[in-house]
Each structure stands twice: as structure tokens, then as C-alpha cells.
Amino acid sequence: MTVSKTVHAGSSPAKPVHVGQPSERVAVFVGQRLIDRWRLADISREVFVMAIQKLVVVNGRPTLVDYSEPSRQERDRNYSSDRRQNRPEYTRFYSSSIWRKTRAQVLLRDNGECQHCGMPATMVDHIVPSADDWTDRLDPDNLQALCDSCHHIKTDREERAKQREVQRAMTVTVVCGYPGSGRASYVQQHEAEHDIIIDKYALMQSLSGRGKYDVDADIDDYAELAYELLLRKVKVDTRYNRVWIILAGPDTRLDSLLVSHNVEHILIDTDKSTCMDRLSKLDIDSDVVTELMRQVDVAKATNQFDKFIKIK
């Protein structure tokens with residue numbers, strides 16, 4: 001069904017509007033009536049504009065919004081214009097051959113599917129936004145294929161988070177030790193408001209649905225991917241007072257990766273026999289525990305805990 005409106009003298013012909021078809025133009029009948037009333041009544045332009053609504057697509061659904069509300073396309077145009085004027089390095093990068101090559105590789109890797117909803121992908125997105133971490137802009141592990149809708153949902157969520165963000169002098173505290181040494185208990189006793197805990201072994205547990213160390217090597221691979229992504233986010237974040245990272249042996253990358261933050265190191269130095277006794281009471285005896293014990297032994301033998309604060 002198509003509707004049209006009689007053209008008023010001095011105005012340009014209005015294009016037909018198809019009922020049910022998403023459109024960003026003011027509905028013809030309502031808009032023209034308001035224009036007529038505005039001409040006859042003594043009201044300000046601001047009041048007039050507030051009274052008009054327009055039909056836009058929000059999260060895939062046609063929705064009436066205030067006429068002054070910018071549409072998704074308008075926000076995109078404003079964003080692109082701002083980037084061209086104020087951040088020319090972005091324009092150069094996204095026009096470069098190396099980005100086009102990387103983009104094609106990621107789309108191929110992800111089978112041309114949106115990694116959030118499975119629909120055909122139309123773009124390649126930075127998981128941690130390039131504006132937050134420009135150095136990782138070509139890292140395939142920080143890239144994913146997305147469709148337009150999922151990309152806009154993700155971008156809107158990131159923008160809302162930035163608006164709420166409070167800048168804090170964030171400290172990163174790395175807590176190491178044998179499994180069963182009491183690392184998690186120490187963190188729980190000392191954590192405070194606006195702290196966040198990254199426990200790699202709790203990640204493994206949530207992925208397996210079993211006990212904390214009752215996992216296999218395949219689960220460890222997935223936990224490592226999640227851990228790597230969390231580190232990328234911590235690298236550029238300032239929303240927390242403290243980030244606690246619970247590990248077995250030390251991660252030698254952290255001091256350089258998180259150089260913008262104050263990094264502290266703590267070793268919960270419970271002796272190995274006590275830890276083994278605690279784990280035996282929990283009926284835990286997995287290959288993962290054996291490997292973690294070995295990592296701590298190697299770190300001790302090679303003096304990797306020298307700069308750590310040791311807590312018995």
C-alpha cells in the first residue's frame with residue numbers, strides 16, 4: 001500500500017511512503033499537518049521539532065523517535081567525519097593495503113559469518129577497540145567478523161561504558177603459588193570495592209562445568225584464549241581500583257604488557273607438601289595440577305620469584 005500527500009504551494013513534491021517500510025523521513029500526513037499548524041500558530045521552532053517523530057530502525061526494528069534524535073546513519077556519518085578531521089591516521093590505516101589484506105584473512109577465517117549471531121558478516125571489528133589499543137590493530141586474535149547490526153550493538157555498549165567510566169589509578173596485583181596454597185582465599189580477604197579478579201583456573205572451571213582443576217588440555221586452551229583477551233582489556237582500562245590476577249607460576253609478559261599500570265607481585269609461599277595434602281582431601285589429582293606444580297617449581301629454581309612479596 002502506498003500513500004501520498006497533496007503538494008502545498010511553494011513546497012516540493014513529497015515522495016511516496018510505503019506503509020510498513022522502514023524510513024527516516026517524517027511521516028507525510030503527520031509532518032505536513034504539523035507544518036501547517038506551525039505556520040498558523042505562534043510556537044517556536046524548538047517546540048515544533050519536539051512534536052515531530054520519525055521512523056528509524058533501532059536494533060533491527062522500525063521505531064518512532066524524536067525528530068531531533070540522530071539516526072544510526074547520522075551517527076556513523078558524524079563519527080567518520082570526526083575521524084577524518086581529527087584522527088587522519090585512522091583514515092589512512094583503514095584505506096591501507098595491509099588492513100584490506102588482514103580484513104580479507106579474518107573474513108576467510110570466520111567463514112564470512114558474524115561471530116555474534118551467525119548472519120553474513122559485513123565488516124571486521126576490533127574486539128578491544130583500536131582507539132583504546134592502537135598497537136594491536138592488526139593482531140588477528142583481536143579481530144572478529146560481524147554483521148552491521150551486531151557491530152552497532154557492540155559499539156553502542158562501548159560508548160555507554162565510556163560515558164560511565166571513572167578514571168582511577170589502577171593497580172594490578174599478580175598472586176602466584178602452588179594449587180592449594182590459598183591464593184584465592186588471600187584475594188577474597190583483601191579485595192575491595194571497584195576491584196576485579198581474573199582467576200585463570202576459575203575460568204577453566206566455568207568452561208568445564210567440573211571441579212576447579214578437573215579439566216583437560218583442551219579446556220586449558222580455551223581458558224588461555226579468554227585470559228589473553230582479558231589481559232588486552234586490562235591493558236587499556238582504568239575503571240577499577242585494583243585488578244587481581246591469580247596464577248601458578250609468573251607470567252613474564254605482564255610487566256611489559258601492563259607497563260601503564262602499577263604492577264605488584266605476591267607469592268603465597270605455602271610449602272608443597274601442605275598444598276598436596278589439601279588437594280588430596282578434595283580428591284583432586286589431575287594432570288593440570290601436576291603441570292601447575294611443575295611450573296612453580298621451575299620458577300623457584302630459576303629465581304623468577306625474587307621480586308615477589310612472599311607471604312607464608
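Return the total of residues in the range 247-265 being over 21 Å from Lys310 (Cβ atoms) and either β-branched (Val, Ile, Thr) or in a helix (DSSP H, G or I) (or both).
Here is the first cut: in the range 247-265, the residues over 21 Å from Lys310 (Cβ atoms) are 253, 256-261.
From what is left, the residues that are either β-branched (Val, Ile, Thr) or in a helix (DSSP H, G or I) (or both) are 256-257, 259.
Within the range 247-265, residues that are over 21 Å from Lys310 (Cβ atoms) and either β-branched (Val, Ile, Thr) or in a helix (DSSP H, G or I) (or both) number 3.
Determine whether Ile127 is among the β-branched types (Val, Ile, Thr) and outside the structural domain of Arg242 (by TED's automatic domain parsing).
Working: among the β-branched types (Val, Ile, Thr): yes; outside the structural domain of Arg242 (by TED's automatic domain parsing): yes.
Here the answer is yes, as Ile127 does meet what is asked.
Just to be sure, is Val259 without any contact (Cβ under 8 Å) to a residue 60 or more places away in the chain and assigned by TED's automatic domain parsing to the domain that holds Ile197?
Numbers: without any contact (Cβ under 8 Å) to a residue 60 or more places away in the chain: yes; assigned by TED's automatic domain parsing to the domain that holds Ile197: yes.
Here the answer is yes, as Val259 does meet what is asked.
Any residue at all in the range 223-236 that's of a type outside the set (A, V, I, L, M) and over 23 Å from Trp134 (Cα atoms)? Write out each step before concluding.
To start, the set of residues in the range 223-236 that are of a type outside the set (A, V, I, L, M) comprises 224, 227-228, 232-233, 235.
Narrowing the set further to residues that are over 23 Å from Trp134 (Cα atoms) leaves none.
Within the range 223-236, not a single residue is of a type outside the set (A, V, I, L, M) and over 23 Å from Trp134 (Cα atoms).
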*Output the number of the condition that Pro179 fails; it satisfies all remaining conditions of (1) in the same structural domain as Arg253 (by TED's automatic domain parsing); (2) over 30 Å from Val288 (Cβ atoms).*
(2)
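Going by the structure shown, is Gln295 closer than 25 Å to His190 by Cα, within 36 Å of the chain's Cα centre (by Cα) and in the same structural domain as Leu254 (by TED's automatic domain parsing)? Give the derivation first.
Details: closer than 25 Å to His190 by Cα: no; within 36 Å of the chain's Cα centre (by Cα): yes; in the same structural domain as Leu254 (by TED's automatic domain parsing): yes.
Against the criterion (closer than 25 Å to His190 by Cα, within 36 Å of the chain's Cα centre (by Cα) and in the same structural domain as Leu254 (by TED's automatic domain parsing)), Gln295 does not qualify.
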_Quick test for you: out of Gln295, Gln304, pick the one residue that is surrounded by 15 or more Cβ atoms within 10 Å (Cβ to Cβ) and part of a loop (DSSP other than H, G, I, E, B)._
Gln304
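The values are calculated or read from the model by the stated rules, or taken from the named source; none is laboratory data. Bear in mind the structure is a predicted one, so any value in this text is a computation, not a measurement. Cβ: placed from backbone, ideal geometry, glycine included. Neighbour counts: every protein chain shown.
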